[in-house]
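> Dropping the structure in here first, questions after.
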Amino acid sequence: MKRNDLILFAILLTVGLVSLLVLTAVLGDKGEVAVVTVDGEEVLRLPLSKDTEVWVEGYGGGTNLVVIENGQASIREASCPDKVCVHTGHASALKSVVCAPNRVVLSIEEE
């Protein structure tokens, strides 16, 4: 490699790194959040980056335990009779967890 090749390589590497830093600063690291609604009204927004357990009061006094663990959100316990929401697994950007009797919906959104 010649001296000019090294200079060109260093310039291109510097431009690439600066571009990456600028994009990271502008776009930020907003991440995903778990959004909980009860009877169509948003009641909670929880970051998936922090492990959390929250009891949510649903329609008619029903309750659901929303758990954020290892970057995933799910309903761990519910007062409803069928517990479909508990057995649904983790919510994702393409799949919400719904407790129909308590009218609780757990979904994932970009912040």
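The values are calculated or read from the model by the stated rules, or taken from the named source; none is laboratory data. Everything numeric here is computed off the predicted structure, so don't read it as measured data. Cβ sites come from the backbone with ideal geometry, for glycine too, and all protein chains shown count toward neighbours.
> Regarding region 79-90, can at least one residue be identified that is modelled with pLDDT of 95 or more, in contact with a His (Cβ under 9 Å, 6 or more places away or on another chain) and either surrounded by 15 or more Cβ atoms within 10 Å (Cβ to Cβ) or more than 25 Å from Gly31 (Cβ to Cβ) (or both)?
No, every residue in region 79-90 fails to be modelled with pLDDT of 95 or more, in contact with a His (Cβ under 9 Å, 6 or more places away or on another chain) and either surrounded by 15 or more Cβ atoms within 10 Å (Cβ to Cβ) or more than 25 Å from Gly31 (Cβ to Cβ) (or both).
> Given Ser92, Ser79, which one is under 14 Å from Glu32 (Cα atoms) and of a type in the set (Ser, Thr, Tyr)?
Going through Ser92, Ser79 in turn, just one is under 14 Å from Glu32 (Cα atoms) and of a type in the set (Ser, Thr, Tyr): Ser92.
> Which residues, taken from region 91-100, are touching a helix residue (DSSP H, G or I) at 6+ places or on another chain (Cβ under 8 Å) and either touching a residue at least 40 places away in the same chain (Cβ under 8 Å) or assigned to a loop (DSSP other than H, G, I, E, B) (or both)?
Residues satisfying the conditions are Cys99, Ala100.
> Further question on the same structure: How many of the residues making up region 79-90 are assigned to a strand (DSSP E or B) and either in contact with a helix residue (DSSP H, G or I) (Cβ under 8 Å, 6 or more places away or on another chain) or closer than 16 Å to Glu57 by Cβ (or both)?
Looking only at that region, the number is 0.
> Then there's this: Sort out which residues of region 56-78 are in contact with a helix residue (DSSP H, G or I) (Cβ under 8 Å, 6 or more places away or on another chain) and surrounded by fewer than 18 Cβ atoms within 10 Å (Cβ to Cβ), and write them in order of number.
Passing the criteria: Arg76, Glu77.
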